[in-house]
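Laboratory data are not the source of any read-out in this text; all were calculated from the coordinates shown. Quantities reported herein were computed from a predicted structural model and do not represent experimental measurements. So basically every Cβ, Gly included, is an ideal-geometry build from the backbone, and we count neighbours across all protein chains shown.
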Amino acid sequence: MQIETDARNILRLRFTLPFEAPVVLSNSLLLDVRDPDLGVAFGLEIANPVTMTGNHAGCSVEIVEPETFVASYGKQPPTSATIMCR
C-alpha cells in the first residue's frame, strides 16, 4: 500500500487487490469499485487502471470514465471496467 498527498493535501491510498485465484473468463467480467453510501471516493488508477497477466489473447478492457468533474478535485478516476474475452 502507498500513502501519499498531493499539492492540495488530498490524501490518496493506493493498493492492489489481486484475485485469490486466477479467473478464467468465458465471456466478460465487470469490475466496479465504488460505494455511494460512504464519504470515501474509490476509483481505479487513471493511467493503466487494469492489468492482466498470463495468456489473455482475445481479451480487451473497456474503462468506464466518470461523467462528473469535481472542480475542487479535478479529473475523477474511473470507477468501473469491463474485461471481455472471446
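In table form, for the structure just shown:
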item	result
Potential lengthening between ASN9 and ASN55 on full extension [0.36 nm per residue; Cα-Cα distance subtracted]	12.5 nm
Packing rank of 46-54, 9-17, where each peptide gets the mean count of other beta carbons within 10 Å, highest leading	46-54, 9-17
